[in-house]
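Written below as structure tokens is the structure these notes are about.
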Amino acid sequence: MTSDYKKIFTGDSMRAHRIVSKLHGIGIEAVVKDEAESARLAGFASAMLGQVDLYVNKDEVEQAMKIVEDFNK
């Protein structure tokens with residue numbers, strides 16, 4: 001199975017949500033994958049507290065990476 005999404009960021013939740021906000025500002029929808037929150041909701045524990053992954057459509061990766069790079073400066 002192939003995916004239309006590519007990971008553009010892994011890091012803490014607060015930074016990720018700030019990046020998502022900037023991406024939304026230029027019309028890019030991002031998917032936030034939070035393993036710890038998913039585990040918590042399912043009743044399990046997770047060692048990856050606060051770490052999330054951001055994914056965008058593969059057609060928008062180049063544009064999104066510019067936002068991530070600018071944010072990391």
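The values are calculated or read from the model by the stated rules, or taken from the named source; none is laboratory data. Because the structure is a prediction, the values reported are computed rather than measured. Note that we place each Cβ from the backbone using ideal geometry, even for glycine, and neighbour counts take in every protein chain shown. SASA here: full protein model, heavy atoms, side chains in, ligands and nucleic acids out. Shrake-Rupley method; radii C 1.70, N 1.55, O 1.52, S 1.80 Å.
Odds and ends about this structure:
- When restricted to residues that are open to solvent by 60 Å² or more (accessible area, probe 1.4 Å) and at pLDDT below 90, segment 15-36 contains 2.
- Reported count of residues in segment 37-73, each being out of contact with any helix residue (DSSP H, G or I) (no Cβ under 9 Å at 6 or more places or on another chain), among the aliphatic types (A, V, I, L, M) and at pLDDT below 80, is 3.
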